[in-house]
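Report on the structure given below.
Any read-out appearing in this document is the output of simple, stated calculations on the displayed coordinates, not a laboratory observation. Computed from a predicted structure; not experimentally measured. We place every Cβ from the backbone using ideal geometry, glycine too, and count neighbours over all the protein chains shown.
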Amino acid sequence: MNKVALVDHIKQKTGLPKKNVELVLNCLVDEIRNGLRSGEKVSIVGFGTFTTRDRSRRDSVNPRTGKPMNICEAKVPVFRPSTVLKSYVVENTSK
């Protein structure tokens with residue numbers, strides 16, 4: 001599901017105008033980004049936690065060219081789903 005489909009689903013469930021749903025979704029994403037940028041942990045109870053992690057420098061191989069390359073150290077975003085979300089997915093997915 002992409003952002004457009006998510007907005008449509010929320011619009012249908014809530015009856016809110018599409019513009020309002022888009023505004024709220026964009027604000028949510030912006031606040032998660034802002035929290036991560038400032039080094040905060042962003043937790044949504046029953047859903048999960050967004051954090052950042054330091055990725056160390058490493059040597060790798062470019063899959064297209066086969067040439068060695070360096071991957072620089074960086075802060076990367078990480079999402080950890082809550083146990084509630086994990087359980088919901090396990091119980092409600094068809095096999």
Original post:
So what does log10 I(q)/I(0) come out to for the chain at q = 0.14, 0.15, 0.18 Å⁻¹, using the Debye formula with one equal point on every Cα and no solvent?
Top reply: -0.81, -0.88, -1.02
Original post:
Going by how many other Cβ atoms sit within 10 Å of their own, how do 52, 93, 14 line up, fewest first?
Top reply: 93, 14, 52
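Could you please rank 45, 76, placing first whichever residue has the fewest other Cβ atoms within 10 Å of its Cβ?
45, 76
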Original post:
Can you give me the relative contact order of segment 51-95 as a percent, contacts being Cα pairs under 8 Å and 6 or more apart?
Top reply: 37
**OP:** Could you list which residues have their amide H under 5 Å from that of residue 47, counting only those 5 or more apart in sequence or on another chain, with H placed in the peptide plane?
**Re:** 82
Subject >> Magnitude of the charge dipole, the chain, Cβ model with Lys/Arg +1 and Asp/Glu -1, debye to 20 >> reply: 260
Subject >> Shape of segment 51-95, Cα gyration tensor, a/c cut at 1.5 >> reply: oblate
Original post:
What number of lysine-lysine pairs in the chain show an alpha-carbon separation below 24 angstrom, given a sequence spacing of 8 or more or placement on distinct chains?
Top reply: 11
